[in-house]
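The values are calculated or read from the model by the stated rules, or taken from the named source; none is laboratory data. Keep in mind that this is a model prediction, so the values were computed, not measured. Glycine gets a Cβ as well: all are built from the backbone with ideal geometry, and neighbour counts include every protein chain shown. In case anyone asks, the SASA skips ligands and DNA or RNA and just uses the protein heavy atoms, side chains included. Shrake-Rupley method; radii C 1.70, N 1.55, O 1.52, S 1.80 Å.
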Amino acid sequence: MLRRAAIERRAAMPEDERDAAAETIAERKFPCALASGTVVAGFMPMKAEINPMPLMRRLSEDGAHLALPAVAGRGKPLIIRAWEFGDPLVAGVWGISEPSPELPEIAPDILIVPLVAFDRTGHRIGYGAGYYDRTILALRARKPIVAVGIAFALQEIPAVPARPSDARLDLVLTEHEVIDCRGI
C-alpha cells in the first residue's frame with residue numbers, strides 16, 4: 001500500500017518538474033568529499049525515478065570515477081562495474097540499461113541509491129526485491145561506503161516500516177535539501 005501510493009505520487013509529478021529537481025540536486029554542493037580516485041556508483045533511472053545522470057556528470061567533472069550496477073540474479077547483491085559517459089550499455093533485467101559484462105567490477109566509495117519512499121532516519125522503500133539492501137550490506141562488509149538516496153521531496157513519508165535486513169541510507173538528496181541520516 002505504501003509502495004503503490006508512493007509510486008503513484010511520484011508518477012503524477014510533471015516531467016519538467018522531475019527534470020528541474022534532478023538539475024537542482026546536481027547544481028548543489030555535494031555533501032561528501034571527493035578525494036582523488038573516489039568511485040561513485042549511480043543507477044540508470046526507470047519509470048518516473050529521479051534521474052541521477054546530471055549529478056553523475058557533475059561528479060565526474062569534479063574528478064570522481066563512475067560506476068553503474070548490474071543485476072547478478074535474484075537474491076544476490078548487485079554487481080558494480082566501472083563506467084564512464086559514452087561507454088556502451090546493455091539491456092539488463094526489466095530492460096534497465098547496465099554496463100557491459102566486459103567492464104571491470106569495482107567497489108564504490110559512494111553508492112547513489114534509487115528509492116520509492118524514504119524517511120528522515122535513512123530507511124527507504126524500494127521496489128521490494130532487496131537488491132540495494134543486499135548490495136549496501138555487502139559493500140559495508142568490505143569497506144566503509146556512503147549510501148546516498150536521491151529522490152523528490154514528495155517521496156518523503158513519516159516512517160518507513162523497517163526490517164532487520166534493511167540497510168539504512170547515510171544521506172538523502174532532494175531538490176529541497178540534503179538530509180543527513182548519520183548518527184540517528
Filter pass, VAL39 being in contact with a Gly (Cβ under 6 Å, 6 or more places away or on another chain) and under 17 Å from LEU103 (Cα atoms): no
Test: residue in the range 92-115 that is farther than 18 Å from ALA72 by Cα and touching a helix residue (DSSP H, G or I) at 6+ places or on another chain (Cβ under 6 Å): no
Close pairs from the range 4-17: first within 14 Å of GLU175 (Cα to Cα), partner assigned to a helix (DSSP H, G or I), Cβ under 9 Å, at least 6 apart: ARG10/ARG18; ARG10/LEU154; ARG10/GLN155; MET13/ALA21; MET13/LEU154
Positions within the range 115-161 being open to solvent by 10 Å² or more (accessible area, probe 1.4 Å), in a loop (DSSP other than H, G, I, E, B) and in contact with a strand residue (DSSP E or B) (Cβ under 7 Å, 6 or more places away or on another chain), in sequence order: ARG120, ILE145, ILE157, VAL160
Residue match in the range 38-45 (condition: of a type in the set (S, T, N, Q) and surrounded by fewer than 16 Cβ atoms within 10 Å (Cβ to Cβ)): no
Matching residues, the range 90-118, being under 26 Å from ILE7 (Cα atoms) and of a type in the set (A, V, I, L, M): VAL90, ALA91, VAL93, ILE96, ILE110, LEU111, ILE112, VAL113, LEU115, VAL116, ALA117
Those residues of the range 26-43 which are at pLDDT 95 or above, under 14 Å from ALA82 (Cα atoms) and not in a strand (DSSP E or B), in sequence order: THR38, GLY42, PHE43
The range 88-105: number of residues that are more than 23 Å from SER165 (Cβ to Cβ) and open to solvent by 50 Å² or more (accessible area, probe 1.4 Å): 9
Restricting the range 46-56 to residues that are out of contact with any Gly (no Cβ under 9 Å at 6 or more places or on another chain) and in a loop (DSSP other than H, G, I, E, B), the residue that is most open to solvent (accessible area, probe 1.4 Å): LYS47
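Residue-by-condition table, conditions (1) of a type in the set (Gly, Ala, Ser); (2) in contact with a Gly (Cβ under 6 Å, 6 or more places away or on another chain); (3) part of a helix (DSSP H, G or I):
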| residue | (1), (2), (3) |
| --- | --- |
| ILE7 | no, no, yes |
| MET13 | no, no, no |
| GLU23 | no, no, yes |
| SER60 | yes, no, yes |
| GLY63 | yes, no, no |
| ALA72 | yes, no, no |
| GLY75 | yes, no, no |
| ILE80 | no, no, no |
| ASP87 | no, no, no |
Residue list for the range 15-33, filter: of a type in the set (A, V, I, L, M) and crowded, with 16+ Cβ neighbours inside 10 Å: ALA21, ALA22, ILE25, ALA26
